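The values are calculated or read from the model by the stated rules, or taken from the named source; none is laboratory data. All values derive from a computational prediction rather than experimental measurement. So basically every Cβ, Gly included, is an ideal-geometry build from the backbone, and we count neighbours across all protein chains shown. Protein only, heavy atoms only, side chains kept; ligands, DNA and RNA dropped before computing areas. Shrake-Rupley method; radii C 1.70, N 1.55, O 1.52, S 1.80 Å.
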Amino acid sequence: MQLKTTPEDEAFRAAARQWLLANVPAARAPHEGRAASDFARAWLARCRQGGWAGIGWPKEFGGQGLPPQRILIWYEEYVRARAPSALDCTFVGLNHAGPTLIACGTDEQKAFHLPRILSGEALWCQGFSEPGSGSDLASLKTTGTVDGDHLVVNGQKIWSSYSDVADFQELLIRTEPGSKRHKGLSWVICDMRTPGITVRPIVNMAGVSHFAEVFYDDVRIPLSNVVGALNDGWRVAMTTLGFERKTAAMGLQFELSVKVEDLIALAGPQPGTALAERLADLRAEAAALRAMTYRMVLREPATQSDGSMMRLHFAELAQRIYRTAMDIIGPEALVDNDWSHDYLEAYSETIAGGTAEIQRNIIAERVLGLPRE
Amino acid sequence: MSFDLNRSEDQRQILDAAGALLATGFPVARLREGRPDDLAPLAEFGAFSLSVPEPEGGAGFTLVEEALLHALLGRHLVSPRALAATLAAAVARRAGMADLAAAFAGLERQACLAVASGGDILLLDPANAEMALLFEDRGLALVEIAHAQPEAGLGRSLAVARMPGDAGAVARSDDARVLATADLLVSAQLLGVAEATRDLAVAYAGLRQQFGKPIGAFQAIKHHCANMAIAAEMLSAQLDIAAIALADGRPDAEFQVAALRRLAPRTALANARACVQIHGGIGFSAEADAHHFVKQAHLLSRLGEARPILDLPAPMAPLRPAHERT
């Protein structure tokens, strides 16, 4: 159990820091729409030019194929240089769809989609949740009926982030008639320009829109777009949800350490006050989250369940950080600014990607072995 | 491997051996009998000089193994005299008193922990101790025990004695590394409490049946257990990082230990409380083991204080100013 870096690791850190400080955009990312997607694509293109795209991806698929300690170093430098949040329009492609295709796709699917994801040419969104299927994803009802060499898709998805600007969607549908729950599902690549698709943006409580409802009205998708086998989609989706807790999580988790430093700077010296105690707590908790992140990357086993504990700690710490920010900025909390905006956005942290309640159930049942309900 | 957080073979071996010794010689159930711990088997194991170099009579491990050992001691609610032996030896060693240090580590000289309270010194599980390892304001002192009066301890199960606070010190240390080591090992024992209470609660939740099923099947109980698991995991990860940083003398070592020491007491106390709660009526009784963990958590939490973390440089400080508003 050691954390000894080599001179080459330190040279890597110095190179990363130098490049990031020279290339990180001066302005914050726009919140929504075309401006947001243009910004995200431009940043990804710049990273690719610099040789920094696909940090966690294997070399054979166009990524950097970096060992774990270098990925950690990259993300530490990334957040300290205030690089754009990893949670942008390129997120699904780089951290969900891409890795799923790497794990389960055909050679043709990989050859077509992976380079386009890495270059930013193709943005992806996720079509999993439905109005009636949130926590209980397996109850989903959007159907795909086989018609010759196509699937005809009918139904509706919701909370599909960036589906208004995305080129492709990872779509989970029910393809076996009469099937129940997680049997009979298929994971398909949906071209968002296919006729019959309607995207209706939803405004969130921060007053911006970066997710939507998506309606499918006799949408024809080639069977060659099925990833994994037909009716084996749940297994493929579980691959996806497993990836959620790996590389991208690092950036988001390390970022909280920087946010805490910004809060401390924002508050100014407050010796002996209750606020100082809260800030000290947040500094300690962010340090511990960073420790958990190191452990996730550097220890076996790194399972989905280990990821649940860390994901939940991250979500609740993020919310505490932004609540503290709202207290510090006082009356300016009533105005739309970066802190008040991020505070409202953070409400989704304990809801999206598995609610806190579900995560606790998973931890209790799968990590601690308590009986299922 | 030089950059991984898996335990090495050497680490596994020493910790497995310590675990086996503790499981047979120091089962938590022994606390029902109320006898003071005989720490001789641990001294023979080398537990109190684990990170002392072999040429100086120690086992030659690092602070990392020592921290993990103290987590095991915490799990088994081993008498605070174990921590006293380790830290008294460290203070003596730092003061150049090598023979005294060896005597503490081998239990030829007996020490107990102590905290200042008003004008008094409270001795914690003094047993036959002649010297006290006193936690002062940002320092440790070795004090001769004199005029000590036994007193009923917390819940009538902790053993304490009170002596006047004006005793002279045989040795003192405000050395940053000694103090950080004390913080590390206190935190490690608190982690042990946090982990043991999580495990105790989970085991009980799987066994105790009400309404026709184990109580662990109910979400309220599940969520308590999940919270205990998250808190213990977080503290465990931070212990690894802090121990490595201190062992390697890294620039962020004080920061990491300060973070650990700040988080450890609340984690242990919250888990110990939840453990009582999950045990229901039995948890409230003196007969169950749960209450001992509550008391030990309080004892350990009183031993010194984390360095003010806001006064220390942060390893993840931003490298450029915040963005302009768009």
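For this structure, a couple of remarks:
- Ranking A:THR239, B:THR267, A:THR198 from most to least accessible surface, computed with a 1.4 Å probe over the protein chains only, gives A:THR198, A:THR239, B:THR267.
- Number of Lys pairs (Cα under 20 Å; 8 or more positions apart or on different chains) in the protein assembly as shown: 8
- Helix-only [θ]222 nm of chain B, DSSP H runs n ≥ 4, -39500 (n - 2.57) each, per residue, nearest 500: -16500 deg cm²/dmol
- Averaged over A:2-12, number of beta-carbon atoms from partner chains that fall within 10 Å: 3
- Relative to the dominant Cα principal axis of chain A, helix A:304-329 is inclined by about 50°.
- Stretch gain in nm, segment A:GLN18-A:ARG46, where the contour uses 0.36 nm per residue and the Cα spacing is subtracted: 8.6 nm
- Whole-Hz couplings from phi, Karplus 6.51/-1.76/1.60, listed for segment B:210-216; x for Gly and Pro: 8, 6, x, 8, x, 5, x
- Percentage relative contact order, segment A:245-367, counting C-alpha pairs under 8 Å, at least six apart: 28 percent
- Surface exposure of chain B, expressed per residue as accessible area with a 1.4 Å probe, stands at 42 Å².
- Exposed trypsin sites (Lys or Arg not before Pro) absent: longest stretch of chain B, with sites in DSSP loops and at most 11 other Cβ within 10 Å deemed exposed: B:139-324
- Stokes-Einstein diffusion of segment A:7-88 at 25 °C, 0.890 mPa s viscosity, Kirkwood radius from Cα pairs, rounded to a whole number: 184 µm²/s.
- For A:ALA138 and A:ALA26, the FRET efficiency from 1/(1 + (r/R0)^6), where r spans their Cβ atoms and R0 equals 51 Å, is about 0.65.
- Derived scalar couplings ³J(HN,Hα) [segment A:50-59; Karplus, 6.51 cos²θ - 1.76 cosθ + 1.60; whole Hz; x for Gly, Pro]: x, x, 10, 8, x, 3, x, 7, x, 4
- Pair B:ARG320, B:ALA127: separation of 7 Å Cα→Cβ label points (nm): 5.9 nm
- The largest accessible area among A:VAL199, A:VAL236 belongs to the first residue in A:VAL199, A:VAL236, and the rest follow in falling order (1.4 Å probe, all chains).
- Whole-number percent relative contact order across segment A:1-125, with pairs defined as alpha carbons under 8 Å at least 6 apart: 29 percent
- Helix-only arithmetic for chain A: the sum of -39500 (n - 2.57) across DSSP H runs with n ≥ 4, divided by the residue total, places the mean residue ellipticity at 222 nm at -14500 deg cm²/dmol.
- Share of pairwise Cα-Cα distances greater than 37 Å in the protein assembly as shown is 45 percent (whole percent).
- Between helix A:68-80 and chain A there is an angle of about 60 degrees, using the helix long axis and the longest principal axis of the Cα atoms.
- Taking amide H positions as modeled 1.01 Å from N, with prolines and chain starts lacking one, the residues under 5 Å from B:ARG162 and 5 or more places away or on another chain are B:LEU123, B:GLN149, B:GLU151.
- With Cα atoms, 0 to 90° folded angle of helix A:274-298 axis to chain A main axis: 50 degrees
- Length-normalised contact order of chain B in % [C-alpha pairs under 8 Å, at least 6 apart]: 16 percent
- Computed label-point distance, nm, for sites A:VAL335 and B:HIS147 using a 7 Å Cα→Cβ extension: 6.4 nm
- With the charge dipole of segment A:245-367 set up from +1 on Lys and Arg Cβ and -1 on Asp and Glu Cβ about the Cα centre, the Cα lying farthest toward the positive end among the listed residues A:VAL260, A:ALA280, A:GLY307 is that of A:GLY307.
- Estimated at the nearest 10 Å², the accessible area of A:ILE358 is 60 Å² with a 1.4 Å probe.
- Couplings 3J(HN,Hα) for segment B:270-287, derived from phi with the Karplus relation 6.51 cos²θ - 1.76 cosθ + 1.60 (θ = phi - 60°), are 5, 5, 5, 5, 4, 5, 4, 4, 5, 6, x, x, 4, x, 6, 7, 6, 6 Hz, where x marks Gly and Pro.
- For a paramagnetic label modelled on A:ASP217 (point 7 Å from Cα along Cα→Cβ), amide N atoms under 15 Å away belong, within segment A:140-162, to A:153-157.
- Low-density loop cleavage sites - trypsin sites (Lys or Arg not before Pro) in segment A:134-176, where at most 15 other Cβ are within 10 Å (DSSP): A:LYS141
- Amide proton proximity set for B:GLN110, modelled H, under 5 Å, gap of 5+: B:GLU130, B:MET131
- Ordered from largest to smallest accessible area (heavy atoms of protein chains, 1.4 Å probe), the residues B:VAL202, A:VAL203 come out as A:VAL203, B:VAL202.
- The chymotrypsin sites (Phe, Trp or Tyr not before Pro) of segment B:53-162 include none that DSSP puts in a loop with a beta carbon having at most 16 other beta carbons within 10 Å.
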